[in-house]
1. Among the residues of segment 65-82, is there at least one that is at negative phi, touching a Lys or Arg at 6+ places or on another chain (Cβ under 7 Å) and not polar (S, T, N, Q)?
2. So in segment 1-32, with the set limited to residues that are under 24 Å from T88 (Cβ atoms), of a type in the set (A, V, I, L, M) and modelled with pLDDT of 95 or more, which one is nearest to the chain's Cα centre (by Cα)?
3. So in segment 19-47, with the set limited to residues that are of a type in the set (A, V, I, L, M, F, W, C) and touching a Ser or Thr at 6+ places or on another chain (Cβ under 7 Å), which one is farthest from R67 (Cα to Cα)?
4. Against the condition touching a helix residue (DSSP H, G or I) at 6+ places or on another chain (Cβ under 9 Å), part of a helix (DSSP H, G or I) and among the charged types (D, E, K, R), how does E12 come out, does it pass?
5. State which residue is farthest from Q10 (Cα to Cα) when the search covers only segment 56-66 and only residues that are touching a helix residue (DSSP H, G or I) at 6+ places or on another chain (Cβ under 7 Å) and either surrounded by fewer than 18 Cβ atoms within 10 Å (Cβ to Cβ) or not small (G, A, S) (or both).
6. Condition (residue is touching a residue at least 40 places away in the same chain (Cβ under 8 Å), of a type in the set (F, W, Y) and within 13 Å of C109 (Cβ to Cβ)) applied to segment 148-164: is it met by at least one residue?
7. Are any residues in segment 48-76 over 13 Å from the mean Cα position of the chain (by Cα) and either closer than 19 Å to L167 by Cα or not aromatic (F, W, Y) (or both), and if so, which ones?
8. Which of the residues belonging to segment 64-78 are without any contact (Cβ under 8 Å) to a residue 40 or more places away in the chain and farther than 21 Å from E110 by Cα?
Amino acid sequence: MKIVLLNERQAEAVYCGQMVRDFPESELKPFATILGMMRSGIYEPLAFYEQDGTLTAYAWQTVLPDRESALIDYFAVAPARRGNGAGTRILAALAEYYAPRKRTLIIECEHPAEAPDPAAARRRIGFYLRAGARATAMESRVFGVRYQIYALPAGGGAPDRQINDDLKEIYRRTVPQPYYRGNVIFFGE
């Protein structure tokens, strides 16, 4: 499997060809926002390809250079590759990719109690737990959506306190005021 850090043109192709299919419009950042984060050096869109060049999956992260954790912003496996362990293998490869410079990959999962599809939210959480993630004590509410926070160890794993601080800093730097105040809330630390 080949991991590729996408350039702007490649990222736009995955965004338009895959992400608009894999995520509801309400969950997608505008591509212009993603480009701005890429250009500022804090956003890393990765794609995972088979030897024949077929896209297997993608994982796009917010990565602050001075923090121990990165936030998995978008993760999806190509529909034809789902259900055969590809997602678990990709997450392991992703953790290995980040291990030299990050201790933890942060995963936000919609809380099943408030998700539009509670069964899908529980399946997603189960997938991440089976792949080696662990629940943290932290939750968030971001623009009205309640999330449970999970941690996937990369370079040894960070303690919850560090993960909490890193996630707060990621949002502080990526959500401009006045949008942050009242729309990004953390609790249960």
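1. Yes; the residues of segment 65-82 include at least one that is at negative phi, touching a Lys or Arg at 6+ places or on another chain (Cβ under 7 Å) and not polar (S, T, N, Q).
2. So the residue we want is M19.
3. M37
4. The answer is yes for E12.
5. L64
6. Checked segment 148-164: at least one residue is touching a residue at least 40 places away in the same chain (Cβ under 8 Å), of a type in the set (F, W, Y) and within 13 Å of C109 (Cβ to Cβ).
7. Selection gives E50, Q51, D52, G53, T54, L55, T56, L64, P65, D66, R67, E68.
8. Of everything in segment 64-78, those that are without any contact (Cβ under 8 Å) to a residue 40 or more places away in the chain and farther than 21 Å from E110 by Cα turn out to be P65, D66.
The values are calculated or read from the model by the stated rules, or taken from the named source; none is laboratory data. Computed from a predicted structure; not experimentally measured. Heads up, the Cβs are rebuilt from the backbone with ideal geometry, glycines too, and the neighbour counts pull from every protein chain shown.
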